[in-house]
Amino acid sequence: MPGAFGKITFQKRLEDDCGDRVKIRSADFQTGSLFFPSYEKCARVLDGFANGGFLNEQSTVVAHSAGTIAFIKYLTQNGMKLKKFVSVAGFTGTLRGGLNKRGLKNKLFHEHMLKHFGFNITEDVLLRASYLIGERHSFLSNDDHLIEEAELRRFAAALNSRPHFLPGFGHFSKTKGIEHIPELAEIIIK
């Protein structure tokens, strides 16, 4: 499940690392610009996966950034059980704001957009989700340019997930040139 730019930069390497041991299906929301479809649009795509038998109690889902919010919201609203969930830079909808006017303006704009399109969840929702998911993992970094480390850790703790702390990985995106996340294929395959 992609994040704000509709593409998971580490997906190709993940597919290579997993090989033919697992079937990877991607919810591709790439629009060529900033990704802010409504939650309802995301839910329709996820309904398609569920109705096609690809999203069920035997599934493993990897979600990045805002995609974590959409997926957790979908999971809890539908009471769906899941084998494993891996969040990469998962958060509840609170973004980092710089100390300058531009940083604060961007933070306020993006938080408004996230809430306007239904991309926000509470720690109570994460706790409910933790009861629906067998195994939970959260990848986070110390230098994410969008989300404070404390928010990443709060998300992981509220979901009761195993944190995987990777210093220097930023937002796990093209900004940092991240094309591979250590341990991710192992978690998916086992």
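Before moving on, here are some points about what is shown:
- Some residue of region 27-36 being touching a Cys at 6+ places or on another chain (Cβ under 8 Å) and either under 23 Å from Ser173 (Cβ atoms) or at pLDDT 70 or above (or both): yes
- Selection count where residues are within 16 Å of Val62 (Cα to Cα), in contact with a helix residue (DSSP H, G or I) (Cβ under 9 Å, 6 or more places away or on another chain) and small (Gly, Ala, Ser), scope region 157-186: 2
- Restricting attention to region 159-177, the residues being out of contact with any His (no Cβ under 7 Å at 6 or more places or on another chain), crowded, with 20+ Cβ neighbours inside 10 Å and either closer than 16 Å to Glu123 by Cα or touching a residue at least 40 places away in the same chain (Cβ under 8 Å) (or both) number 2.
- Residue match in region 135-147 (condition: farther than 17 Å from Ser65 by Cα and modelled with pLDDT of 80 or more): yes
- Count of residues meeting criterion [assigned to a helix (DSSP H, G or I) and touching a residue at least 60 places away in the same chain (Cβ under 8 Å)] in region 55-74: 6
- Residues in region 178-190 that are at pLDDT 85 or above, surrounded by 14 or more Cβ atoms within 10 Å (Cβ to Cβ) and in a loop (DSSP other than H, G, I, E, B): there are none.
- Residue among Phe5, Phe10 that is at pLDDT below 65 and under 25 Å from Phe169 (Cα atoms): Phe5
- Residue that is nearest to the chain's Cα centre (by Cα) [pool: residues in region 68-85 that are more than 15 Å from Ser38 (Cα to Cα) and of a type in the set (A, V, I, L, M, F, W, C)]: Phe85
- In this entry, Asn142 is excluded by the filter for residues that are part of a loop (DSSP other than H, G, I, E, B), closer than 23 Å to Leu55 by Cα and of a type outside the set (A, V, I, L, M).
- You will find that of Leu140, Leu152, the residue that is buried (at least 20 other Cβ atoms within 10 Å of the Cβ) and touching a residue at least 60 places away in the same chain (Cβ under 8 Å) is Leu152 and no other.
- Residue within region 107-122 that is at pLDDT 85 or above, within 17 Å of the chain's Cα centre (by Cα) and surrounded by fewer than 13 Cβ atoms within 10 Å (Cβ to Cβ) present: yes
- Within region 64-79, tally of residues that are surrounded by fewer than 24 Cβ atoms within 10 Å (Cβ to Cβ) and more than 17 Å from Tyr131 (Cα to Cα): 0
The values are calculated or read from the model by the stated rules, or taken from the named source; none is laboratory data. All values reported here derive from a predicted model rather than from experimental measurement. Positions of Cβ are backbone-derived with ideal geometry, glycine not excepted, and every protein chain shown enters the neighbour counts.
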